[in-house]
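One structure is given below, encoded as structure tokens.
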Amino acid sequence: MDEMLKKLKYLFAPKSVAIVGGSPVPNKIGNVLMKNLIDGKFMGKIYAVNPKYTEVLGVPCFPRVTELPKAVDCVIIATPAETVPGILEDCGQKGVKGAIVLSGGFEEVGRNDLAQMMKDISKKYKLPVIGPNCLGIFNPYTRLDSIFLPMYKLQRPGPGGIAFITQSGAVGSTVVDLAAHYGMGVSKFISYGNGTVLTECDLLEFLENDKETSIVILYLEGVKDGRRLLEWMKKVNRKKPIVALKAGKFGKAMAAARSHTGNIAGNYMAYKAAFRQAKVTEADDLVELFDFVKIFDQPMPSGNRVGVITNGGGMGVLTADAINDQGMEIADFSNESKEAIKKILPSYGSVGNPLDLVADSGVESYKKAIDVMMNDQNIDSLAIVVLTQTLPIDERIIGVLSEANDLRKKPILTISVGGDYTEAYRRAFESKGVPSFNSPLSAIKALKRLTDYAAWRNKNSD
């Protein structure tokens, strides 16, 4: 397996790719794959493999893998399940570095015989295989894209530090689309489906030392080796935070998970215990998963004391309630901060935390208040409520928050609640790397997870 993992780099950063099943017919999977690589400006050489054609979309096409002019780094297979073992055998004979099998029809439908053939061929040639029954890999750094969903339906995010390991292509594609929508960058997207050859454990092992990855998302339905997963979660989470979502927790959902990827979902309480033991941050649903990932891109806080800035008193109170509810602490301002805040507020303003800048305060008041709290040693993180509906707030607030965020001194988050106008601001905040939430409780829950992880990692640092 060590040799396979060494070859994984060729799947993420290949210099040449061959699409088996490449097709000129619109809306065929092989056609979408070809177009995505071409339109996405994949950095390497592209070939098609299909006995029906000599050229596909201007790309040279060959009858089979063994007839390619030279061995390619990565082969993407999108043909019926029965053809896959033979294609993998061709890959091995040709000296291909790795393969991505998108095709379904293996363990999830009881075809364990085909799955075993895949394993045997992979072992014989030490050929790393992602899949089957998956979306494969997307790497924005190299523009390798095996997602067979067209770009006009599913946006691709730009480069960043978030790696996403998922058994489900559907869940994975949803998160990828949301990441692109909010301007969040990813390092690797890996949909591994049934995990017939390489499992989530192998992928965690690879990502542990991946320089482009700083955060790992893990979506699980079932695993083959729970003990190994626990050990790798422990190891990776000490260096890079893992945010996990477990599906197929109870009853018929467990059976659904088995039919989806052919893996046993297992007892949810065992997974929950493993997450706790490895100090992995568990999300309860996709919304929480996305919320937690956003906040984990922030600098690690040194404590649980929160400073709150708002231009609406009621929202500040709700945020304070959420801080108490999550077992965090509303910070006490230093004497220096109190004196500085008095100069920011109007004569009728009140110095306190939450700090209410009042509705007629503008962007400049936010900038001054953020500067004060960033320099107050009694404050570990900032929750900034921005009611975009008030007249003095304009697009300059985006720059103020972005500049504060770029300092990387303390974690900051924003809370903005409203309709389309507010959502446009929230997307702008996210595009600048500033986590934005549409409710105080979801924001503080995310901040609590970051704070707990930071405390644990600081305690367990080497």
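Cross-link reach is defined here as a Cα-Cα straight distance under 12 Å, omitting same-chain residues fewer than 8 places apart; for Lys279 the aspartates and glutamates meeting it are Glu231, Asp452. Straight-line cross-link partners of Lys70 among the aspartates and glutamates, defined as a Cα under 20 Å from its Cα and at least 8 positions apart when in the same chain: Glu55, Glu89, Asp90. Taking a ≥ b ≥ c as the square roots of the Cα gyration tensor eigenvalues, the stretch 187-237 comes out oblate, since a/c reaches at least 1.5 and a/b does not exceed b/c.
Summary value for the chain: 11 percent relative contact order, contacts being C-alpha pairs under 8 angstrom separated by 6+ residues.
Taking 8 Å as the Cα distance limit and 6 or more residues as the minimum spacing, I'd like the relative contact order of the stretch 54-97 as a percentage. Please list the in-between numbers first.
Working: 31 pairs, mean separation 20.2, N = 44.
46 percent.
Annotation: extensible slack from Arg396 through Asn27 equals 128.5 nm (criterion: 0.36 nm per residue apart, minus Cα-Cα distance).
Histogrammed with a bin width of 20 Å, the alpha carbon distances of the chain distribute as 24, 48, 24, 4, 0 percent, first bin at zero. Projected label points at Asn209 and Lys235, each 7 Å from Cα along the beta carbon direction, are separated by 1.0 nanometres.
The helix-only estimate of mean residue ellipticity at 222 nm for the chain, built from DSSP H runs of length n ≥ 4 each weighted as -39500 (n - 2.57), is -12500 deg cm²/dmol after division by the residue total.
Per residue, the convex hull spanned by the Cα atoms of the stretch 1-93 measures out at 101 cubic angstrom. In nanometres, what is the gap between the two model label sites at Ala270 and Glu329, each 7 Å from Cα along Cα-to-Cβ? About 4.1 nm separates the two model spin labels. Phi-derived couplings, Karplus 6.51 cos²θ - 1.76 cosθ + 1.60 at θ = phi - 60°, listed residue by residue for the stretch 28-44: 6, 4, x, 6, 4, 4, 4, 5, 5, 5, 5, 5, x, 6, 3, 7, x Hz, with x used for Gly and Pro.
Calculated on C-alpha atoms, the gyration radius of the stretch 266-396 divided by its Kirkwood radius gives an Rg/Rh of 1.07.
I need to check one value: relative contact order of the stretch 305-460, counting alpha carbon pairs closer than 8 Å and at least 6 residues apart, in percent. Normalised by residue count, the contact order of the stretch 305-460 is 26 percent.
Write down Rg/Rh for the stretch 35-155, rounded to two decimals, with Rg from the C-alpha atoms and Rh from the Kirkwood relation over Cα pairs.
Details: Rg = 14.3 Å, Rh = 15.0 Å.
With Rh from the inverse mean 1/r over Cα pairs, Rg/Rh is 0.95.
For Lys6, the aspartates and glutamates whose Cα falls under 18 Å of its own Cα, not counting residues fewer than eight places away in the same chain, are Asp73, Glu200, Asp202, Glu205, Glu208, Asp210, Glu212.
Find, to one decimal place in angstroms, the Kirkwood hydrodynamic radius of the stretch 305-460, where the mean of 1/r is taken over every pair of different Cα atoms and then inverted.
On the way: mean 1/r = 0.0646 Å⁻¹.
Roughly 15.5 Å, rounded to one decimal.
When the listed pairs Lys211/Lys409; Lys9/Lys239; Lys294/Lys368; Lys235/Lys367; Lys234/Lys410; Lys94/Lys188 are checked against a 31 Å cut-off, the alpha-carbon distance exceeds it for Lys235/Lys367.
For the residue pairs Lys153/Lys272; Lys15/Lys124; Lys124/Lys272; Lys272/Lys459; Lys240/Lys342, the C-alpha atoms sit more than 30 angstrom apart in Lys153/Lys272; Lys124/Lys272; Lys240/Lys342.
The numbers here are math on the coordinates, done by the rules we state, and not lab data. Please read all numbers here as calculations on a predicted model, not as lab measurements. All Cβ positions, glycine included, derive from the backbone under ideal geometry; neighbour counts span all protein chains shown.
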